[in-house]
1. How much length is gained if the chain between K161 and R118 is pulled fully straight, taking 0.36 nm per residue apart and subtracting their Cα-Cα distance, in nm to one decimal?
2. Per residue of segment 106-121, what does 6.51 cos²θ - 1.76 cosθ + 1.60 with θ = phi - 60° give for ³J(HN,Hα)? Whole Hz please, x for Gly and Pro, Karplus curve as stated.
3. Pairs K104/K135; K23/K73; K73/K161; K73/K104; K20/K104; K32/K73: which exceed 22 Å Cα-Cα?
4. Using a 1.4 Å probe on the protein heavy atoms, what percent of the accessible area of the chain belongs to carbon and sulfur?
5. Using Cα pairs closer than 8 Å and at least 6 residues apart in sequence, work out the relative contact order for the chain, in percent.
6. With every protein chain left in place, what is the accessible area per residue of segment 144-201 in square angstrom, probe 1.4 Å?
7. Once fully extended, how much extra length lies between I100 and A54, figured as 0.36 nm per residue of separation less the alpha-carbon to alpha-carbon distance?
8. How large is the dipole of segment 90-205 about the Cα centre if only Lys and Arg carry +1 and Asp and Glu carry -1, each at its Cβ, rounded to the nearest 20 debye?
Amino acid sequence: FEMMPYKGTYLRLFTLLLRKPMKAEYGKELTKKTLKATPAVYRQMLEQVDDIGADNPMAGNIYMGFVFLAVWKAADGAISPDSLRRVTKAFMARPIVGKIMSGKDINRPEDLAAAKARFHKMQDWADAHPEYKDKTWDFNFDDTKHQDGSYYHFTRCPLEKFARENGFLEALPVACEIDYMTTAFSHGILHRDYTLATGGPICDYWIVPDQIKNPK
């Protein structure tokens with residue numbers, strides 16, 4: 001069994017930026033105690049999750065998503081998924097986070113095309129690395145489903161598999177909802193019917209530029 005190599009960049013940056021919204025939600029003592037315990041939980045999670053390849057362009061999703069799940073676990077029952085959801089939204093609303101995560105404006109056709117190309121590159125990476133193909137996300141594209149924006153879905157998600165097998169499923173939807181906020185940073189709107197985390201058959205992504213009022 002191969003483990004994901006430890007990388008602490010997301011952990012250090014995100015816990016630093018989570019401190020303020022956590023203090024507002026939980027108070028100083030619980031925040032301090034939780035954030036002190038978080039790095040050990042995070043490291044253990046990386047030892048347990050399937051290795052999807054350190055240079056996999058999707059690896060950042062694990063390194064990023066695990067920070068929020070590790071905080072929840074490190075609180076040892078003192079943090080509910082709903083309160084974590086509020087903290088995550090406050091974190092994402094911080095101007096510095098917007099600057100770090102802001103993308104191109106997909107209302108511009110060339111930027112939308114570049115975003116689509118980036119999704120396809122992620123699938124190309126999986127195709128080129130058969131040793132990870134059954135462990136990483138599977139991109140299923142369908143350009144006939146909608147006239148506007150970009151559509152794809154997953155039937156496999158390493159985060160969902162890990163959460164289901166290791167007792168994190170209760171908090172995972174909070175991490176999934178970050179997709180709505182990161183899409184908004186690129187001036188897009190995410191339309192979604194299902195997530196694997198909530199028992200759906202797929203995770204679907206229909207990403208539409210936010211200036212299109214009645215997307216088809």
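The values are calculated or read from the model by the stated rules, or taken from the named source; none is laboratory data. None of these values were measured; they are calculated from a predicted model. Positions of Cβ are backbone-derived with ideal geometry, glycine not excepted, and every protein chain shown enters the neighbour counts. The protein model used for the area step is the full one, side chains on, heavy atoms only, and it has no ligands, DNA or RNA in it. Shrake-Rupley method; radii C 1.70, N 1.55, O 1.52, S 1.80 Å.
1. Details: separation 43, 0.36 × 43 = 15.48 nm, distance 2.42 nm.
Extra length from K161 to R118 when fully extended: 13.1 nm.
2. 6, 5, 7, x, 5, 6, 5, 4, 5, 5, 4, 4, 5, 4, 5, 5
3. K104/K135; K73/K104; K20/K104
4. Working: 5840 of 11260 Å².
The computed percentage sits at 52.
5. Value for the chain: 20 percent.
6. Numbers: 2720 Å² over 58 residues.
On a per-residue basis, segment 144-201 sits at 47 Å².
7. Here the segment from I100 to A54 would lengthen by 14.4 nm.
8. Values: 14 positive and 18 negative charges, 70 e Å.
About 340 debye.
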